[in-house]
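Student: Here it is, the structure, as structure tokens.
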Amino acid sequence: MRDRYGSLTVVEQTLLAKDSYQLVLEGETVAHMTQPGQFLHVRVGQSEDLLLRRPISIADVDLNKQQVTMIYRAGGEGTSRLSHYENGKTLNVMGPLGKGFPVEEAQTGDVALLVGGGIGVPPLYYLAKQLVKKGVHVISVLGFASKQDVFYEEAFKALGDVYVTTVDGSHGVHGFVTNAIDEFELKCDVLYSCGPTPMLKVVTERYRHKKAFISLEERMGCGIGACFACVCAVEDGDAHEYRKICSDGPVFPVGEVVL
Ligand SMILES: Cc1cc2nc3c(=O)[nH]c(=O)nc-3n(C[C@H](O)[C@H](O)[C@H](O)COP(=O)(O)OP(=O)(O)OC[C@H]3O[C@@H](n4cnc5c(N)ncnc54)[C@H](O)[C@@H]3O)c2cc1C
Ligand code: FES
């Protein structure tokens with residue numbers, strides 16, 4: 001575990017869309033960041049009000065350059081402060097943590113449907129790259145609130161078919177990710193999804209009997225299975241059965257945990 005604590009240096013901080021930033025960090029621990037869907041637990045500053053780390057997904061990795069990319073929405077206090085970090089500044093980062101997306105569940109020649117919503121889109125990019133590398137056809141459905149929130153549309157297009165949806169209809173398909181799936185009758189051999197809980201609930205109901213995996217972005221404390229801040233109940237389990245999102249997840253087979 002000690003090799004999962006490290007200081008990473010900021011080499012790029014870019015505003016991608018409304019309140020959404022791309023942060024590129026460099027350092028030795030990047031060598032461990034090989035599985036898509038894992039996350040980094042980031043300490044933002046030293047002040048007491050920010051003692052809790054913020055979990056942010058790995059969006060992309062360049063192992064040669066020892067660089068990892070995260071995409072985050074500056075919403076609360078921690079992420080807003082993070083958006084002011086400039087090149088050369090170091091960040092205390094734990095990770096990679098958790099169990100990510102099972103790339104091995106998609107075979108060469110399969111069609112993988114990637115369904116992301118808002119800040120759930122970033123981990124799907126590293127996943128898409130790895131799937132394409134093994135000869136899987138990737139279809140991405142990316143849902144955002146509005147045109148000004150859309151990011152990485154072109155990056156995903158370079159890897160396969162892309163359908164963007166916006167709730168207000170200002171860009172792409174009007175409505176939710178499910179509107180695009182229905183309108184274009186999208187089919188798949190395996191589905192991977194990450195996004196807000198209401199979206200994951202709909203995905204679970206539709207793909208309950210298919211090969212499908214969802215990533216949960218719930219509140220976290222320690223990030224390493226010690227504090228029980230992130231437990232969730234198991235579907236059809238007894239009252240005492242639970243999973244920790246940080247260490248058993250954040251990725252689960254669809255239908256395994258109660259949303
Ligand atoms: C596995 C995982 C991966 C994630 N990946 C991303 C990502 O790639 N990009 C991104 O923008 N966001 C991601 N999130 C959500 C992100 O962690 C929260 O938006 C962020 O922690 C909120 O911090 P804040 O400083 O903006 O808010 P504050 O309100 O200052 O946070 C207060 C406390 O609540 C916690 N918290 C608040 N909202 C959430 C939330 N929705 N989920 C988890 N903790 C929360 C914070 O960790 C902090 O401890 C991820 C969450 C998880 C669990
Ligand atoms: S965040 Fe502490 S056990 Fe999961």
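The values are calculated or read from the model by the stated rules, or taken from the named source; none is laboratory data. All figures in this text were calculated on a predicted structure; none of them were measured in a lab. So basically every Cβ, Gly included, is an ideal-geometry build from the backbone, and we count neighbours across all protein chains shown.
Student: Might you let me know whether segment 38-47 holds any residue that is surrounded by fewer than 16 Cβ atoms within 10 Å (Cβ to Cβ) and either over 22 Å from Met220 (Cα atoms) or assigned by TED's automatic domain parsing to the domain that holds Ile119 (or both)?
Tutor: no
Student: For segment 141-259, give me every one of the helices (runs of 4 or more DSSP H) that falls completely inside it and has 1 or more residues that are touching a residue at least 60 places away in the same chain (Cβ under 8 Å).
Tutor: Hits in segment 141-259: 177-183, 197-207.
Student: Of the residues in segment 183-233, how many are within 16 Å of ligand 2 (Cβ to nearest atom), in contact with a helix residue (DSSP H, G or I) (Cβ under 9 Å, 6 or more places away or on another chain) and either over 18 Å from Lys99 (Cα atoms) or not aliphatic (A, V, I, L, M) (or both)?
Tutor: Residues flagged as within 16 Å of ligand 2 (Cβ to nearest atom), in contact with a helix residue (DSSP H, G or I) (Cβ under 9 Å, 6 or more places away or on another chain) and either over 18 Å from Lys99 (Cα atoms) or not aliphatic (A, V, I, L, M) (or both) within segment 183-233 amount to 3.
Student: Same structure again: Can you name the number of the only condition in (1) in contact with a helix residue (DSSP H, G or I) (Cβ under 8 Å, 6 or more places away or on another chain); (2) in the same structural domain as Tyr207 (by TED's automatic domain parsing) that Met70 fails?
Tutor: It is condition (2) that Met70 fails.
Student: Which numbered condition in (1) more than 10 Å from ligand 1 (Cβ to nearest atom); (2) within 18 Å of the chain's Cα centre (by Cα); (3) over 22 Å from Asp161 (Cβ atoms); (4) among the hydroxyl-bearing types (Ser, Thr, Tyr) is the only one that Ser47 fails?
Tutor: Only one criterion in (1) more than 10 Å from ligand 1 (Cβ to nearest atom); (2) within 18 Å of the chain's Cα centre (by Cα); (3) over 22 Å from Asp161 (Cβ atoms); (4) among the hydroxyl-bearing types (Ser, Thr, Tyr) is unmet by Ser47, namely (2).
Student: Please go through segment 31-64 and pick out each residue that is out of contact with any Pro (no Cβ under 9 Å at 6 or more places or on another chain), at negative phi and more than 14 Å from ligand 2 (Cβ to nearest atom).
Tutor: The answer is Ala31, Arg43, Val44, Gln46, Ser47, Glu48, Asp49, Leu50, Asp62, Leu63, Asn64.
Student: Got a sec? Which of Val258, Val150 is of a type in the set (Val, Ile, Thr), over 20 Å from Ala106 (Cα atoms) and away from ligand 1 (no atom under 16 Å from the Cβ)?
Tutor: The conditions single out Val258.
Student: If you go through segment 120-176 one residue at a time, how many are surrounded by 19 or more Cβ atoms within 10 Å (Cβ to Cβ), out of contact with any Gly (no Cβ under 8 Å at 6 or more places or on another chain) and more than 30 Å from Leu63 (Cβ to Cβ)?
Tutor: Of the residues in that region, 2 qualify.
Student: Any chance you could count how many residues in segment 50-101 are charged (D, E, K, R), over 16 Å from the mean Cα position of the chain (by Cα) and buried (at least 19 other Cβ atoms within 10 Å of the Cβ)?
Tutor: Qualifying residue count, segment 50-101: 1.
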